[in-house]
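These notes concern the structure reproduced below.
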Amino acid sequence: MTAIAANTLPGVTTGLQRLVGNRLALAGVVIYFLEWVGIAVFNVGNVPASQGTGAAEILAQYAQHGTAVELMAGWLSVVELGRILFVAGIRDGLRKSGAETLLADFALVAMGVSVIVEILAWTVAAGGAYAAASGADQSTIVGIDAVANFFTQVIGGPFAASILAASVAMLRSRLLPAWLCWLGLVAGAIACVYGVIAGAAFAAGGSCASALCLTGSVLPGIAQLLSVTLLAVWIWMIATGLVLFRAARRQRIQA
C-alpha cells in the first residue's frame, strides 16, 4: 500500500505525519490531580457514607462535617474540569495532526458526563449536609446519602468509556507510542467492567474483607480487584500528557 493510498483510509495516518503536541493535556492532568489537595485539606469524614454505616452515624457525619463537605463540593466543581481539558488536549493533538477525531469527540463527551456525575454526587452530599444542619430528620439524610453514594458509584462508567475511546483513537492515529495506546485501551476496558458492577457491588456489601467473598455476592470482591486498574489509568494520563507536552516543546524548538 502506498502512502497516498493509506491516507485515504479513515482514521489511519502514515509514518510521514508527526504528532502536533500541546500543553493542554498535561495541564488538565495537573488540575485533575488537585482533587487530592481537597481530600487532604477538607476533612469530609465518612461522607458519602461507606457501606454498612448505621442511620444515626450517617446523620452525625453529615452534621459534623457540613462545612468541609460543602467546600469539597465547590473545590471538585473546579478541579474535576481538568479531566475534560485533558481529553480536549488529546483531541486537539489528533485533529491538528490530521487524524480522525470521531472517537476522540466521543471520549470528550463521555468524560464530560463523568465530571457532571461527580460534581452532582458532591452537590447532593453538600445539600445533605445543609439539610442536616437545618434540622432534617434521620431518614431524609440517609436517603440523600444513598443518592450521593450511587452518583459516586456510576462515575466510573463514563470515565472508563472515555479512556477506552481516547486510547483507540490514539492507536488508530499511529501518532503516539503503541505501548501507551494499549495501556489505556486495556485499562479502559477493565475499568468499564468495574463501572458496570460498582453500584451493585456497593449494594451487595461494599468491602470484601469478610470471608474473602466466599459467602454471599462475589461482586464486591470483583469490584475491589478491578479498581486497581485506576492506577494504570492515572499512569496512562500522565504519560499521554507528557508525550503531547514534549511534542509541543519539540515543535517550538524547531520553529
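If you go through the range 107-119 and pick out every residue that is of a type outside the set (Val, Ile, Thr) and surrounded by fewer than 18 Cβ atoms within 10 Å (Cβ to Cβ), you end up with 1. Helices (runs of 4 or more DSSP H) fully within the range 1-110 that include at least 3 residues being modelled with pLDDT under 95: 3-7. Within the range 116-140, the set of residues being under 17 Å from Ile39 (Cα atoms) and of a type in the set (D, E, K, R) comprises just one member, Glu118.
Listed here are the helices (runs of 4 or more DSSP H) enclosed by the range 154-255 that have at least 2 residues being polar (S, T, N, Q) and modelled with pLDDT of 95 or more: 156-173. Screening the range 145-159 for residues that are of a type outside the set (Phe, Trp, Tyr) and touching a residue at least 60 places away in the same chain (Cβ under 8 Å) and picking the one that is nearest to Ala88 (Cα to Cα) gives Thr152. Report whether or not Arg252 is in contact (Cβ under 8 Å) with a residue 40 or more places away in the chain and basic (Lys, Arg). Judged against the criteria, Arg252 is not a match. Set side by side, the residues Thr123, Thr140 differ, and just one is under 12 Å from Leu59 (Cα atoms), in contact with a helix residue (DSSP H, G or I) (Cβ under 7 Å, 6 or more places away or on another chain), part of a helix (DSSP H, G or I) and β-branched (Val, Ile, Thr), which is Thr140. When Ala132, Ala148, Ala104, Ala126 are checked against the criterion of being more than 22 Å from Val79 (Cα to Cα) and either out of contact with any Cys (no Cβ under 8 Å at 6 or more places or on another chain) or surrounded by 20 or more Cβ atoms within 10 Å (Cβ to Cβ) (or both), a single residue qualifies: Ala132. The set of residues in the range 71-87 that are of a type outside the set (Gly, Ala, Ser) and over 14 Å from the mean Cα position of the chain (by Cα) comprises Leu71, Met72, Trp75, Val78.
A count restricted to the range 172-187 and to residues that are without any contact (Cβ under 8 Å) to a residue 40 or more places away in the chain and farther than 14 Å from Val243 by Cα stands at 2.
The values are calculated or read from the model by the stated rules, or taken from the named source; none is laboratory data. Keep in mind that this is a model prediction, so the values were computed, not measured. Cβ sites come from the backbone with ideal geometry, for glycine too, and all protein chains shown count toward neighbours.
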